[in-house]
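Novice: Encoded as structure tokens, here's the structure I'll be asking about.
The values are calculated or read from the model by the stated rules, or taken from the named source; none is laboratory data. If you're wondering where the values come from, they're calculated on a predicted model, not measured in any experiment. Positions of Cβ are backbone-derived with ideal geometry, glycine not excepted, and every protein chain shown enters the neighbour counts. Just the protein is used for accessible areas: all its heavy atoms, side chains included, with ligands, DNA and RNA removed. Shrake-Rupley method; radii C 1.70, N 1.55, O 1.52, S 1.80 Å.
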Amino acid sequence: MTTFVDRVELHVAAGNGGHGVASVMREKFKPLGGPDGGNGGRGGDVTLVVDQDVTTLLEYHHHPHRKATNGQPGAGDNRSGKNGEDLVLPVPDGTVVLDRAGNVLADLVGQGTTFIAGQGGRGGLGNAALASARRKAPGFALLGEPGESRDIVLELKTVADVALVGYPSAGKSSLISVLSAAKPKIADYPFTTLVPNLGVVTAGSTVYTIADVPGLIPGASQGKGLGLEFLRHVERCEVLVHVLDTATLEADRDPVSDLDIIEEELKQYGGLENRPRMVVLNKIDVPDGKDLADIIRPDLEERGYLVFEVSAVAHMGLKELSFALADVVSKARAAKPVQEATRIVIRPKPVDDAGFTITEEGENFFRVRGEKPERWVRQTDFSNDEAVGYLADRLNRLGVEDALRKAGAHAGDGIAIGPEDNAVVFDWEPMMAAGAEMLGRRGEDHRLEAPRPAAQRRRDRDEARDEADQEYDGFRPF
């Protein structure tokens, strides 16, 4: 059964904002109570947080769909809806967040580092918040915005100081087991190590972590064996240690050729050229292994490698190796630039930024894009005439109508607000009057030429009632 997962595809959905409510106070002895509709609650966010106690992405492999709770709708008597609860997802230290195209969205390193993977939707305003001196009793409310939904990819890159690389069965797991308290699986067959193992080593006053990466073979950088799947775990390591088997039983292999092959795979993978290298000649407790180590050591030192002869089984040469690694790690840490506190950068809105753009797409068709127009469209209840009129007022105040005229739009041209896959399309009427004084009954707007059937039925009933009242007023008993 799989117990270690270092790459998953996660489907996150933030909570939707709650709808505002249109309500009018109706209490005894309180005439003209006015609008009292409350606002909807905010939808919950989906947030990734680094947790040192989490070491794998296994939980998200089994449950890849995660959704935050929705905000509650508002209610009368100025009662706002409850906000949705944020969904916090713990991830291991060193998790990289990517989109479906492979673009890096966040690199989560360090306890408590957070990333909002899905932004919760805003709650809609109730009619109490929409009331003004000119619109005293709005018969509509704004809808809550849908929460952000997207697919992301989580990749775990081990955060360690030293990475042990080499052929399968070169003795990497045995070496990490004697240098630290890690207890990896050790056996006498290739690919015993199927997942990276981490160990903590103390050498004098220096404490560093060491990672045992599954064995590499020729073609690992192209996906052969387990190499490509776990090469990402050496990207963050400060030092690469080649563990070479001096007592291999395979006739077509020798430590120097093994080193050249692994170096070529690291080069093909890329990004590791400037990491310091060390060479460990393992299994010198075997007589032939000790002789081979003495023969090839001068050649490796001529190449510039720092070479150590050790035996993980016999515990030979481990102290020297441990302190040498501590020295290299200390120098690498000292060479790093000092981490400065994150500065808050304020980027004011440019004076000439209208907040939207208009592009002409084809003949007599224009598209409006912008955060505010698209958000206003999402919050509009198009079954309510007055809400549609309110949207027209807002767009006019923002300057959309003037910009459309400058772009060459004429009456009857098609206007789309939003992206191609989710836009509201309508025919533009530039001479439409704006202003709350044009409104009739709550929920209606006389500026719209095509009222709703329900609104027309109400008007018909009102006219019939007025005619009946007139007939009654003209009747006089003898």
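Novice: Scan (1) among the hydrophobic types (A, V, I, L, M, F, W, C); (2) within 43 Å of the chain's Cα centre (by Cα); (3) at pLDDT 65 or above for the single condition Ala434 breaks and write down its number.
Specialist: Failed condition: (3).
Novice: Take the conditions part of a strand (DSSP E or B), buried (at least 16 other Cβ atoms within 10 Å of the Cβ) and not hydrophobic (A, V, I, L, M, F, W, C) and apply them to Arg66. Does it pass?
Specialist: Values: part of a strand (DSSP E or B): yes; buried (at least 16 other Cβ atoms within 10 Å of the Cβ): yes; not hydrophobic (A, V, I, L, M, F, W, C): yes.
Against the criterion (part of a strand (DSSP E or B), buried (at least 16 other Cβ atoms within 10 Å of the Cβ) and not hydrophobic (A, V, I, L, M, F, W, C)), Arg66 qualifies.
Novice: If you go through the stretch 310-327 one residue at a time, how many are open to solvent by 30 Å² or more (accessible area, probe 1.4 Å), under 14 Å from Met278 (Cα atoms) and either among the aromatic types (Phe, Trp, Tyr) or in contact with a helix residue (DSSP H, G or I) (Cβ under 9 Å, 6 or more places away or on another chain) (or both)? Before you say what the answer is, go through the steps one by one.
Specialist: Just the residues of the stretch 310-327 that are open to solvent by 30 Å² or more (accessible area, probe 1.4 Å), to begin with: 313-316, 319-320, 323, 327.
Then keep just the ones that are under 14 Å from Met278 (Cα atoms); that gives 320, 323, 327.
Filter once more, so that each one left must be either among the aromatic types (Phe, Trp, Tyr) or in contact with a helix residue (DSSP H, G or I) (Cβ under 9 Å, 6 or more places away or on another chain) (or both): 323.
Within the stretch 310-327, residues that are open to solvent by 30 Å² or more (accessible area, probe 1.4 Å), under 14 Å from Met278 (Cα atoms) and either among the aromatic types (Phe, Trp, Tyr) or in contact with a helix residue (DSSP H, G or I) (Cβ under 9 Å, 6 or more places away or on another chain) (or both) number 1.
Novice: Right, His61: in contact with a strand residue (DSSP E or B) (Cβ under 7 Å, 6 or more places away or on another chain) and open to solvent by 50 Å² or more (accessible area, probe 1.4 Å) or not?
Specialist: Numbers: in contact with a strand residue (DSSP E or B) (Cβ under 7 Å, 6 or more places away or on another chain): yes; open to solvent by 50 Å² or more (accessible area, probe 1.4 Å): yes.
For His61, the condition - in contact with a strand residue (DSSP E or B) (Cβ under 7 Å, 6 or more places away or on another chain) and open to solvent by 50 Å² or more (accessible area, probe 1.4 Å) - is met.
Novice: On the basis of being more than 35 Å from the chain's Cα centre (by Cα), among the basic types (Lys, Arg) and not in a loop (DSSP other than H, G, I, E, B), does Lys319 make the cut? Walk me through how you get there before you give the answer.
Specialist: On the way: more than 35 Å from the chain's Cα centre (by Cα): yes; among the basic types (Lys, Arg): yes; not in a loop (DSSP other than H, G, I, E, B): yes.
Yes, satisfied.
Novice: Another question about this same structure. Please go through the stretch 116-160 and pick out each residue that is open to solvent by less than 60 Å² (accessible area, probe 1.4 Å), outside any loop (DSSP other than H, G, I, E, B) and among the small types (Gly, Ala, Ser).
Specialist: Matches in the stretch 116-160: Ala117, Gly118, Ala128, Ala129.
Novice: Restricting to the stretch 87-106, what's the tally of residues that are open to solvent by 80 Å² or more (accessible area, probe 1.4 Å) and either in contact (Cβ under 8 Å) with a residue 12 or more places away in the chain or not in a strand (DSSP E or B) (or both)?
Specialist: 4
Novice: Another question, then. Find all pairs meeting these conditions: Cβ atoms under 9 angstrom apart; at least six residues apart or on different chains; first residue within the stretch 306-323 and touching a residue at least 60 places away in the same chain (Cβ under 8 Å) and on the phi > 0 side of the Ramachandran plot; second residue among the hydrophobic types (A, V, I, L, M, F, W, C) and buried (at least 16 other Cβ atoms within 10 Å of the Cβ).
Specialist: Pairs found: His315/Val178.
Novice: Only residues that are touching a residue at least 24 places away in the same chain (Cβ under 8 Å) and either open to solvent by 10 Å² or more (accessible area, probe 1.4 Å) or acidic (Asp, Glu) (or both): list them for the stretch 198-215, please.
Specialist: Leu198, Gly204, Thr206, Thr209, Asp212 - these are the residues of the stretch 198-215 that are touching a residue at least 24 places away in the same chain (Cβ under 8 Å) and either open to solvent by 10 Å² or more (accessible area, probe 1.4 Å) or acidic (Asp, Glu) (or both).
Novice: Just wondering, is there one or more residues in the stretch 396-414 that are at pLDDT 80 or above, closer than 24 Å to Gly139 by Cα, of a type in the set (Gly, Ala, Ser) and part of a helix (DSSP H, G or I)?
Specialist: Taking the stretch 396-414 and keeping what is at pLDDT 80 or above, we get 396-414.
Filter again for closer than 24 Å to Gly139 by Cα, leaving 396-398.
Subset that is of a type in the set (Gly, Ala, Ser): none.
Within the stretch 396-414, not a single residue is at pLDDT 80 or above, closer than 24 Å to Gly139 by Cα, of a type in the set (Gly, Ala, Ser) and part of a helix (DSSP H, G or I).
Novice: Taking Ala335 as the residue in question, decide whether it is open to solvent by 80 Å² or more (accessible area, probe 1.4 Å) and at negative phi. Quick ask: steps written out before the conclusion?
Specialist: Numbers: open to solvent by 80 Å² or more (accessible area, probe 1.4 Å): yes; at negative phi: yes.
The answer is yes for Ala335.
Novice: Can you tell me which residue within the stretch 21-56, out of those that are closer than 22 Å to Ser149 by Cα and surrounded by 21 or more Cβ atoms within 10 Å (Cβ to Cβ), is farthest from the chain's Cα centre (by Cα)?
Specialist: Top of the filtered list is Gly40.
Novice: If I filter the stretch 236-268 down to residues being open to solvent by 60 Å² or more (accessible area, probe 1.4 Å) and in a helix (DSSP H, G or I), which single residue comes out as farthest from Gly110 (Cα to Cα)?
Specialist: Asp260
Novice: For the stretch 368-395, what are the residues that are more than 19 Å from His19 (Cβ to Cβ) and open to solvent by less than 60 Å² (accessible area, probe 1.4 Å)?
Specialist: Val368, Gly370, Pro373, Ala392, Asp393, Leu395, listed by residue number.
Novice: Here are the criteria: (1) touching a helix residue (DSSP H, G or I) at 6+ places or on another chain (Cβ under 8 Å); (2) outside any loop (DSSP other than H, G, I, E, B); (3) at pLDDT below 90. Tell me which single one Gly355 does not satisfy.
Specialist: Result: Gly355 passes all but (2).
Novice: Regarding the stretch 290-301, can at least one residue be identified that is in a helix (DSSP H, G or I), open to solvent by 40 Å² or more (accessible area, probe 1.4 Å) and either over 25 Å from Asp258 (Cα atoms) or touching a Gly at 6+ places or on another chain (Cβ under 6 Å) (or both)?
Specialist: Among the residues of the stretch 290-301, not one is in a helix (DSSP H, G or I), open to solvent by 40 Å² or more (accessible area, probe 1.4 Å) and either over 25 Å from Asp258 (Cα atoms) or touching a Gly at 6+ places or on another chain (Cβ under 6 Å) (or both), which makes the answer no.
Novice: Given the conditions (1) surrounded by fewer than 21 Cβ atoms within 10 Å (Cβ to Cβ); (2) under 39 Å from the mean Cα position of the chain (by Cα); (3) of a type in the set (A, V, I, L, M); (4) part of a helix (DSSP H, G or I), which single one is not true for Met278?
Specialist: So Met278 meets the others, but not (4).
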